Amino acid sequence: MSHIVMERPSVETTGLERRKSVQLPYETTPRHQCSLDLAEVSAEVWLITKLAAKLLWAFRVSSKWIAMFVKLLTFTCLLLPAFLRIFYFWLLDVRVHKNIRYGTQGRNLLDVYMVPEPKAKMPVVVFLSGGAWIIGYKAWGALMGRVLSSYGIIVVTPDYRNFPQGLLPDMITDINVAIAYVFDNIHLFNGDPDNITIVGQSAGAHIGALVLLDAIENPSSIPWSPSRLRNFIGISGPYNIQDSIERFHDHGLDRSVLARIMNNDILHHSPTDRVTKLGSNQSTLLPSIHLFHGTADRTVSWHSSAKFAQVLQAAGATVHVKYYANKTHTDPIIEDPIEGDDPLLNDVIAIVRESSPPYSPKLPLQTTSPQRLCPHALVAAARIVNPF
């Protein structure tokens, strides 16, 4: 039986790189594709191993950090059945185009999650993963990509440098280049460059907000305009770093390490403070902003989104805020969708549907609950040990 696989657009690469970018021919076998993807995974594991050694040195292996790390390992082990199913989808599904190079840095790679039956000018979500600016990775968006793409939304998940490989300005630079790549190339995947929504979670929401502000404050140095975006969706974002320092310290992220991540400029890298300095003509360039936060978030208080919404509204931006009662920092993007209860992604689909232009392919008005990926008992236990 012959195999039919989805074609991947050719991607041109420039500059010296740590490894070769993925340049697949238009006709390839799933076996060949899988071997290439596994090679990329192996390269990432080696990179993570080297960076982990640097992290251990940076954190000086404090008892608090070790305790949080053990909790994270336990959390991962409890949800391993679900993570393995998601990894299987990410690795083998022909709709997932992996490791497409968007820039010259080693981690300037992104994944594209295609819809099952793509038409012209499909809506696009660019998802910026969280991970405390330290453990973020593009594959963390596989669960969101799996769900949203099944409902007709192309999902792009760019990777970006993490600490200690890079500082926050490096992360912002990477995401700026990735967004510019999406605007210039998403049509090759049947995506609509005039119907792009940025979604960020936790550190990804923080970076995304800074990227928007940089694009407004320095338009001549940014290769895209935020006014082209349909929406910005921030999930559980730490928008005022000064207010979050002690919480992060209690979770094992030392104050000095956090300051180093922020390039020793906490105030400049706090979106809440930056918005107050925007001129009225600048705030009009902001897209529609939607902020989501769980009221039981122990890592980043829901007050972070509340304060950010207040200063945005005062600046004249269009802001919508929704709080999820009794939801933690990761419930909306990990535990809930794993259990088949997905209010956040339903809200994201609704936002994209309602903001899409009239010519855009119509998204469903109602969604069905996704399949449960893990037994309830394991998810309940994971919630107890969750370090976030």
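Odds and ends about this structure:
- Scanning the stretch 185-218 for residues that are of a type in the set (S, T, Y) and in contact with a helix residue (DSSP H, G or I) (Cβ under 8 Å, 6 or more places away or on another chain) turns up just one, T197.
- Contacts under 7 angstrom Cβ, first residue in the stretch 118-140 being of a type in the set (S, T, Y), partner in a strand (DSSP E or B), 6 or more apart: S129/T157; S129/Q201
- Residue in the stretch 223-245 that is of a type in the set (G, A, S), out of contact with any Lys or Arg (no Cβ under 9 Å at 6 or more places or on another chain) and without any contact (Cβ under 8 Å) to a residue 40 or more places away in the chain present: no
- Residue within the stretch 315-329 that is part of a loop (DSSP other than H, G, I, E, B), small (G, A, S) and farther than 27 Å from T173 by Cβ present: yes
- All positions within the stretch 88-135 that are over 30 Å from I241 (Cα atoms) and of a type in the set (K, R): R95, K98, R101, K119, K121
- The single condition among (1) over 20 Å from the mean Cα position of the chain (by Cα); (2) exposed (fewer than 14 other Cβ atoms within 10 Å of the Cβ); (3) at pLDDT 90 or above that S355 does not meet is (2).
- From R107, R101, R85, residue being at pLDDT 95 or above and of a type in the set (K, R): R101
- S236, sole failed condition from (1) at pLDDT 90 or above; (2) surrounded by fewer than 21 Cβ atoms within 10 Å (Cβ to Cβ); (3) on the phi > 0 side of the Ramachandran plot: (2)
- Conditions (1) modelled with pLDDT under 95; (2) over 15 Å from the mean Cα position of the chain (by Cα); number of the one not met by G131: (2)
- Restricting the first member to the stretch 181-198 and to residues that are in contact (Cβ under 8 Å) with a residue 40 or more places away in the chain, and the second to residues that are of a type in the set (K, R), the beta-carbon pairs closer than 6 Å and six or more apart or on different chains are D192/K121; N195/R230; T197/R230.
- Checked against (1) surrounded by fewer than 24 Cβ atoms within 10 Å (Cβ to Cβ); (2) at pLDDT 95 or above, S220 meets all criteria but (2).
- Selected residue [in contact with a Leu (Cβ under 9 Å, 6 or more places away or on another chain), crowded, with 19+ Cβ neighbours inside 10 Å, outside any helix (DSSP H, G or I) and not basic (K, R)] from H290, H269: H269
- Looking only at the stretch 240-284, residues that are hydrophobic (A, V, I, L, M, F, W, C) and at pLDDT 90 or above come to 9 in all.
- From F308, F388, residue being buried (at least 19 other Cβ atoms within 10 Å of the Cβ) and part of a loop (DSSP other than H, G, I, E, B): F388
- First in the stretch 332-349 and free of Cβ contacts under 8 Å to residues at least 24 places away in the same chain, second anywhere and acidic (D, E) and surrounded by fewer than 22 Cβ atoms within 10 Å (Cβ to Cβ), Cβ under 7 Å, 6 or more apart: P343/D336
- Residues of the stretch 168-207 satisfying the condition of being over 20 Å from G106 (Cβ atoms) and of a type in the set (A, V, I, L, M): I186, L188, I196, I198, V199, A205
- Residue in the stretch 184-195 that is modelled with pLDDT of 95 or more and under 13 Å from the mean Cα position of the chain (by Cα) present: no
- Failed criterion for P361 (all others in (1) at pLDDT 95 or above; (2) farther than 28 Å from V385 by Cα; (3) not in a helix (DSSP H, G or I) hold): (1)
The values are calculated or read from the model by the stated rules, or taken from the named source; none is laboratory data. As the structure is a prediction and not an experimental result, all values here were calculated from the model. All Cβ positions, glycine included, derive from the backbone under ideal geometry; neighbour counts span all protein chains shown.
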